[in-house]
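Since every read-out is calculated from the coordinates, none of them should be taken as a lab result. These figures come from a predicted structure and were not determined experimentally. Methodologically, a virtual Cβ is constructed for each residue, glycine included, from the backbone with ideal geometry; neighbour enumeration extends over all protein chains shown.
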Amino acid sequence: MNRILKSRAFKTTVIAAAVMGAATAAHARDQIRIVGSSTVYPFASYVTEEFGAVTEYPTPVIESTGSGGGIRLFCNGVGEGTPDITNASRRIKASEVERCEENGVTDVTEVKIGSDGIVFAQSSTNDAMALTLEQLFLAVAAQVPVDGELVDNPYTNWSDIDASLPDREISVYGPPSTSGTRDAFEELVMEAASEEMEAYGGEGYTEIRADGVYIDAGENDNLIVQRLTEDTEAFGIFGYSFLVENPDTLVASSIDGVEPEAEAISAGDYPIARSLWFYVKNQHADDVPPLYEYVDMFVSETMIGDGGYLMDIGLIPLPEAEREQTRQKVADRAKLQVSDL
Amino acid sequence: MSQTFDDISAQLRRRHRRSARLKWISMGALGLAGLFLVLFFADMLSKGLPAFQQAYVQVELEYNEDAQRMGREAMEPEDAKIVSRSFERLIPGMLRDDPDLLGTTETRWVLANGEVDQYLKGHRSKLSETERQAVDEKVENGQVALKFNTTFFSQGDSKMPERAGIMAAAVGTVMTMLVTLAIAFPIGVMTAVYLEEFAPDNRLTQIIEININNLAAIPSILFGLLGLAIFINFFGVPRSSPLVGGMTLALMTLPVIIIATRTALRSVPDSIRHAAFGVGCSRWQVVRDHVLPLAMPGIMTGSIIGLAQAMGETAPLIIVGMVAFIPDVSASFTQAATVLPAQVFTWAGEPEQAFVEKTAGGILVLLAILIFLNATAVILRKKFERRW
């Protein structure tokens, strides 16, 4: 027996077991775990950092997984290994709520934090170009109606779409199909414009052309901005905060006569705007003590309010009444129902 | 027909020309590779060196009662505009921890905000005209200055570029690499020793050998998926932790270490083994006392290169959740952490102009560490290498 205890193999086994034990030990934790949208990520990480700096709790861990990926992780179940909050740049879908409920995630509070606009911009060496939603759609759709028939998109220059537009080649850098920005663009531009057109039979058409005019430029919006400064003929599709950060190198197109400005986006006048959300797993509130302290900080006026810190980094605040509504929902721990969606 | 002297010398000239041409082409290839390297370094250095300096501002702090709620109340309003919020938000906490401070005043150097920093470095800045004048005036009075950026080396990530640092990522990298080394090195070396010294040469070992060579070449992201499925979902290792990251990277490094070790073992001449057997050593004694020590320099070199490769890896770590916003320096192997290349990746996606230099600065630090590791590998090889 003594020899066994002294043997190296025994010691190694004990150490390995201890490591495994430490790894799987499950207790209440102080560190909030957040996943979700890359659009909400800059705002959420600002709040988590502030939270880590001014409270005694550790900084929450936040991973940028995309809206859909975040909701999938969030809905995997309840307990230690699952995230407490997921950020989303679109509203959760009924099917996702149902999957959540199947996995035991039954008490979720929905928090709306602000708006984000998607801009269509180019290098500021060009004159600004005003577009309508329909013109934008015709520039990037895979198939467009010509004389009442759907044909492969024949437009190569802006002036082909409308004689009033400049005679410049159409070239657009945009997000890839995995991106939430792309989802929003397809919904707010493609679907919205095509539903108005007879040729599509009243149904939304979201196919983006693949003949080299629309170029997937990756998830990183910075890359699109950099490309635009070099390729001055091209346009880019990206989030409003990147326009704010590069005011002297970029000029955005107005859409249907509305410039992408904070007020117009907040009021819903600018057509390519969406709301930003996060979802809180109330069932974790007891096991993760700082959970609601973080949520309260996020929805406070100093963060999401008009002139709040998040506005400085590109969040477009909700109208005041809606901010109040958000705070009320948080105070009530309002439970999300499928019928709300 | 016999060849004349002229024919032969013409042929000789042709052959000499050919070899000269080959020499020039090879030198051209080397020159081109060198040029790219120089361009890359010049670009990184010109962008990254400013990151090692940061704007600081000297302010008068008056710890009054309002400052217990809002940190900015302790400063002159015009100072509050140019001081980093990362300092300002700490003031209420300072007063809470040390109530004696209340009612005192203090002059100290604190971090200026990112816009001031970018303005001083001649980059684009969102400061207004009046703020610029105020900053210029303070620069002349010596109250605003660029100083060595200690924050960059002592702090973790931040949304505020002036406060962002690589410390958390560096510690995360060290912890992850320790786990990788602790797992991959012993398993890799023992596997190679078995395959090279003990295993019979049959179909089975050949299949294993082919598979190991294949593993060394598969895309690293697949190891991430494996890590997610086995370590996180099955064994319940905490997501984003250096433990799971290290285990995942160990899977990736294993084949590299096995192959390097086998090559090192094979280069030990058989005469050593025969001599040891000849004096009656067992197989285990031969390996432990003679073959392994002689092969060690080669094994170390291979392991360090494998480790350096793992250090530069991000793809598998995205899958196991290590590419995340981690401002705190992690204190244990199960706490969330990030690594240097992941930090660079995160910064590259930030919209603020000031993060451009942080990104390049992070790359410089990563490069410095990689050069150090590779240089160690070369030195080890040179120092202990034996020729037979």
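Over the Cα atoms of chain B, what is the Rg over Rh ratio if Rh follows Kirkwood?
Rg/Rh: 1.15.
Can you grab the distance from the C-alpha centre of segment B:157-230 to the C-alpha centre of segment B:38-52, Å, no decimals?
31 Å
In nm², what is the average projected area of the convex hull enclosing the Cα atoms of segment B:337-380?
Result: 3.4 nm².
Could you give the nm distance between label points at A:D340 and B:S271, where each point is 7 Å from its Cα heading toward the beta carbon?
A separation of 8.2 nm, rounded to one decimal place.
Report the FRET efficiency, 1/(1 + (r/R0)^6), for A:L150 and B:S46, where r is their Cβ-Cβ distance and R0 is 56 Å, rounded to 0.05.
The computed FRET efficiency comes out at 0.60.
With point charges of +1 on the Cβ of Lys and Arg and -1 on the Cβ of Asp and Glu, referenced to the Cα centre of the protein assembly as shown, which listed residue (B:A354, A:A234, A:F298) lies farthest in the positive direction of the dipole?
B:A354
For chain A, give the magnitude of the charge dipole about the Cα centre (Cβ charges: +1 Lys/Arg, -1 Asp/Glu; no others), in debye to the nearest 20.
2700 debye
If you take all C-alpha pairs in segment A:208-268, what percent of them are over 13 Å apart?
Across segment A:208-268, Cα pairs with separations above 13 Å total 67 percent.
Work out the charge dipole of segment A:117-273 with +1 on the Cβ of Lys and Arg and -1 on the Cβ of Asp and Glu about the Cα centre, then indicate which of A:V258, A:L243, A:F185 is farthest towards its positive end.
Going by the Cα projections, it comes out as A:L243.
Explain nothing, just the number: dipole magnitude of the protein assembly as shown about its Cα centre with +1 on each Lys and Arg Cβ and -1 on each Asp and Glu Cβ, in debye rounded to the nearest 20.
The calculation lands at about 6460 debye.
Ignore the peptide's own chain and count Cβ atoms of other chains within 10 Å of each Cβ in B:156-162; give me the average, rounded.
4
Pairs of alpha-carbon atoms within less than 8 angstrom and 6+ residues apart define the contacts here; what relative contact order does chain B have, in percent?
It comes to 20 percent, rounded to a whole number.
Over 33 Å apart: what share of the alpha carbon pairs of chain A falls there, rounded to a whole percent?
The answer is 38 percent, as a whole percent.
Taking 45 Å as R0, compute the FRET efficiency from the Cβ-Cβ separation of A:E195 and B:E60 and round it to 0.05.
With R0 = 45 Å, the Cβ-Cβ based efficiency is 0.15.
So for each of B:271-277, B:47-53, B:118-124 I average, over its residues, the number of other beta carbons within 10 Å; can you give me the resulting order with the highest mean first?
Averaged packing, sorted descending, gives the order B:47-53, B:118-124, B:271-277.
Against the globular-protein guess of 2.2 N^0.38 Å, express the Cα radius of gyration of the protein assembly as shown as a ratio, rounded to two decimals.
Here the answer is 1.14, to two decimals.
Could you work out how far apart the two model spin labels at A:T132 and B:A29 are, taking each label as a point 7 Å from the Cα in the direction of the beta carbon, and quote it in nm?
The answer from the label model is 6.0 nm.
Once fully extended, how much extra length lies between B:F153 and B:K383, figured as 0.36 nm per residue of separation less the alpha-carbon to alpha-carbon distance?
Gain on stretching B:F153 to B:K383: 79.5 nm.
Taking only the C-alpha atoms, wrap a convex hull around segment A:117-273 and report its volume per residue in Å³ as a whole number.
104 Å³
If you project the alpha carbons of segment B:50-148 onto the principal axes, what extent comes out on each, in Å, largest first?
Per principal axis, max minus min of the Cα coordinates gives 41, 27, 22 Å.
For segment A:88-177, what is the Kirkwood hydrodynamic radius in Å, using each pair of distinct C-alpha atoms?
Kirkwood hydrodynamic radius for segment A:88-177: 17.1 Å.
What ranking do B:L249, A:L131, B:L127, B:L102 get, fewest neighbouring Cβ atoms within 10 angstrom at the top?
In increasing order of surrounding Cβ atoms, one gets B:L102, B:L127, A:L131, B:L249.
Calculated FRET efficiency, B:L39 and B:R15, Cβ-Cβ r, R0 35 Å, to nearest 0.05?
0.45
As I understand it, the value is the acute angle between the Cα axis of helix A:320-332 and the longest principal axis of the Cα atoms of chain A; what does it come to in degrees, rounded to 10?
For helix A:320-332, the angle is close to 20 degrees.
How well do other chains shield peptide A:218-229, expressed as the mean number of their Cβ atoms within 10 Å of each residue Cβ?
2
Please give the Cα centre distance for segment B:87-144 versus segment B:56-70, rounded to the nearest Å.
What the calculation gives is 11 Å, centre to centre.
Once the principal axes of the Cα atoms of segment B:167-384 are found, what is the range along each, listed largest first in whole angstroms?
Ordered largest first, segment B:167-384 gives principal extents of 70, 40, 29 Å.
For n ≥ 4 DSSP H runs only, could you compute -39500 (n - 2.57) per run for the protein assembly as shown, divide by its residues and tell me the 222 nm figure to the nearest 500?
-15000 deg cm²/dmol
Take every Cα pair under 8 Å in segment B:50-148 that's 6+ residues apart, average their separations, divide by the length, and report that relative contact order as a whole percent.
For segment B:50-148, the relative contact order is 40 percent.
Which of the GluC sites (Glu not before Pro) across segment A:35-111 are loop residues per DSSP, with 14 or fewer other Cβ within 10 Å?
For GluC sites (Glu not before Pro) across segment A:35-111 that sit outside H, G, I, E and B with at most 14 neighbouring Cβ atoms in 10 Å, the list reads A:E56.
Where in chain B are the DSSP H helices whose C-alpha atoms run 20 Å or more along the long axis and whose mean Kyte hydropathy is at least 0.5?
Within chain B the helices that satisfy the rule are B:167-193, B:242-266, B:292-311, B:354-384.
Pop a pseudo-label 7 angstrom from the Cα along the beta-carbon direction at both A:A142 and B:F235 and give the gap in nm to one decimal.
Taking the simple label geometry, A:A142 and B:F235 are separated by 4.3 nm.
Which whole-angstrom value gives the distance between the alpha carbon centres of segment A:162-202 and segment B:327-388?
Centre-to-centre (Cα) distance: 42 Å.
When Cβ neighbours within 10 Å are restricted to other protein chains, what is their mean count per residue of peptide A:52-65?
Shielding by partners across A:52-65 averages 6.
With axes computed from alpha carbons, what is the tilt in degrees of helix A:221-230 against the longest principal axis of chain A, rounded to the nearest 10 within 0 to 90?
40 degrees
Stick to the Cα atoms of segment B:280-326, pair each with every other, and give me the Kirkwood hydrodynamic radius in Å at one decimal.
One over the average 1/r among Cα pairs gives 13.6 Å for segment B:280-326.
Specify the angular offset, from 0 to 90 degrees and rounded to the nearest 10, of the alpha carbon long axis of helix A:41-54 from the longest principal axis of the alpha carbons in chain A.
Approximately 40 degrees, to the nearest 10.
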